[in-house]
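We did not get these values from a lab; they are worked out from the coordinates using the rules stated. Please read all numbers here as calculations on a predicted model, not as lab measurements. Note: ideal-geometry Cβ built from the backbone for every residue, glycine included; neighbour counts use all protein chains shown.
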């Protein structure tokens, strides 16, 4: 299984690059990479416009699906055999059991899957079909880029119920402060 961390957003609500924010001495990008590696991803790519070792969008300014397309187009990915686990840099504390549930469901039923009311994380099972559809849609110069919802509809992704309200999405300085406090509390217990 391959992994992708989407970190190519503008971080406008945060006011600084979220990928480089640090919690307990580790950047959000490092925490996200560790999370996907723990889930069994053999290759974890990062989609970030400024990192020298990350993948770049082939179609710029077209949103998160352009980052997924860049990963599916990357030479390290074998589209014939490996699903793609996609997460975002601003959610590095997704519970392990939530990611495991996506993986188990997707592999068992050979389908792409995500959580209801959340588009990330997701497991893209049929990466070849996803890449083919993204090639077609993103290459249209008049397209602003498809949404994740449109991608999921095109690849017939299934939804799992999400009963967890523990996930912190780190978009604003207040979210960052809350995540730091929560992680600090976990370390002292």
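Among 94, 124, sorting on how many other beta-carbon atoms sit within 10 Å of each Cβ, with the fewest leading, yields 94, 124.
Using only alpha carbons, the range 100-171 has a radius of gyration to Kirkwood radius ratio (Rg to Rh) of 1.02. The GNM of the chain, with springs linking C-alpha atoms under 10 angstrom apart, assigns the highest mean-square fluctuation among 171, 47, 142 to 142. Listed from fewest to most Cβ neighbours within 10 Å, the set 144, 13 follows the order 144, 13.
Of the Cα atoms belonging to the range 2-148, the radius of gyration and Dmax stand at 14.6, 44 Å. Annotation: the antiparallel percentage among DSSP beta bridges lying fully within the chain is about 35.
Spatially, the range 1-61 and the range 92-165 are offset by 17 Å when compared through their Cα centroids. Hey, what number do you get for the chain at 222 nm if only DSSP H runs of n ≥ 4 count, each worth -39500 (n - 2.57), divided across all residues, to the nearest 500? Helices in the chain give a 222 nm mean residue ellipticity of -11000 deg cm²/dmol.
Rg and Dmax of the range 65-189, based on Cα coordinates, read 16.1, 53 Å. Between 72, 45, 160, the GNM of the chain built on Cα springs shorter than 10 angstrom shows 160 fluctuating the most. Legend: ranking of residues 186, 26 from fewest to most surrounding C-beta atoms inside 10 Å; resulting order 186, 26.
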